[in-house]
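The structure appears right after this line, and notes come after that.
The values are calculated or read from the model by the stated rules, or taken from the named source; none is laboratory data. Since the structure is predicted, the reported quantities are computational estimates derived from the model, not experimental observations. Backbone-built Cβ (ideal geometry, glycine too); neighbour counts: all protein chains shown. Quick note on the areas: whole protein, heavy atoms, side chains included, nothing else; ligands and nucleic acids left out. Shrake-Rupley method; radii C 1.70, N 1.55, O 1.52, S 1.80 Å.
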Amino acid sequence: MSDQQTVTVQKLLSKQTVEKLDTAITKGNMEQLRKQMEKLFTFKNIFNMHDDHLIGLAECIIDIARAKDIDEELNMQEQYAHNRIQRYQERKKKIVKTNQWMKVAGYNDKVKKLDTEYQVWVYDSGFQFSMFQMYSMICNIIRLVREYRKAGAK
C-alpha cells in the first residue's frame, strides 16, 4: 500500500471526517456535504453524483469508521455493493439491447422509442449511472481499508 493510499484511508476513517460528514447529513446541508466529499475525493467524481448517492457514500464511510467489527462491516457493505453493481449491469444490458432492437427493427412507436432512449441515458449518464459510481467507489474504499488493515494498521 502506498503512502498516499495510507493517508487517504486514515483521512477517510478519521473521527474528524466522520463527524463532519455526519453533521452535514443530519442538518441536511448538501452544500457542506458536497464540499467535504470533494476534499476526500476528486471534484470530478463528486460533481455529477446525485444527492441521494452522495449521502449513501458518506453514510457508508461513517458506518465503516464507527463499526465495532470492521471486517464484518466491510464484508456486508461489499456484498451489497457487488449485488447492486451486478443488478445495474444486467438492467443496463437489457435496456441497451431493447434500444438496439428498436432501431434495427424499425420500431414505429415514437414515444416508446424516446422512452427507451431516455432509459439508456439514465444508465449511461443519469441517476442509475450515479448510483453505479457510488457503489464502485464503495468497493474501492473497502479495498483500500482492507489493504490498510492488512498492512498492520488497525
If R0 = 30 Å, then residue 15 and residue 38, at their Cβ-Cβ distance, give a FRET efficiency to the nearest 0.05 of 0.90
Can you give the calculated 222 nm mean residue ellipticity of the chain, where each DSSP H run of n ≥ 4 adds -39,500 (n - 2.57) and the sum is split over every residue, rounded to the nearest 500 deg cm²/dmol? -28000 deg cm²/dmol
Between residue 67 and residue 47, what is the FRET efficiency for a Förster distance of 25 Å, r being their Cβ-Cβ separation, to the nearest 0.05? 0.30
Just the accessible area for residue 59, please: 1.4 Å probe, Å², rounded to the nearest 10? 80 Å²
Taking 0.36 nm per residue of separation between residue 150 and residue 121 and subtracting their Cα-Cα distance, the length gained on full extension comes to 6.5 nm
Residue 105-residue 29 pseudo-label distance in nm [points 7 Å out on the Cα-to-Cβ vector]: 5.3 nm
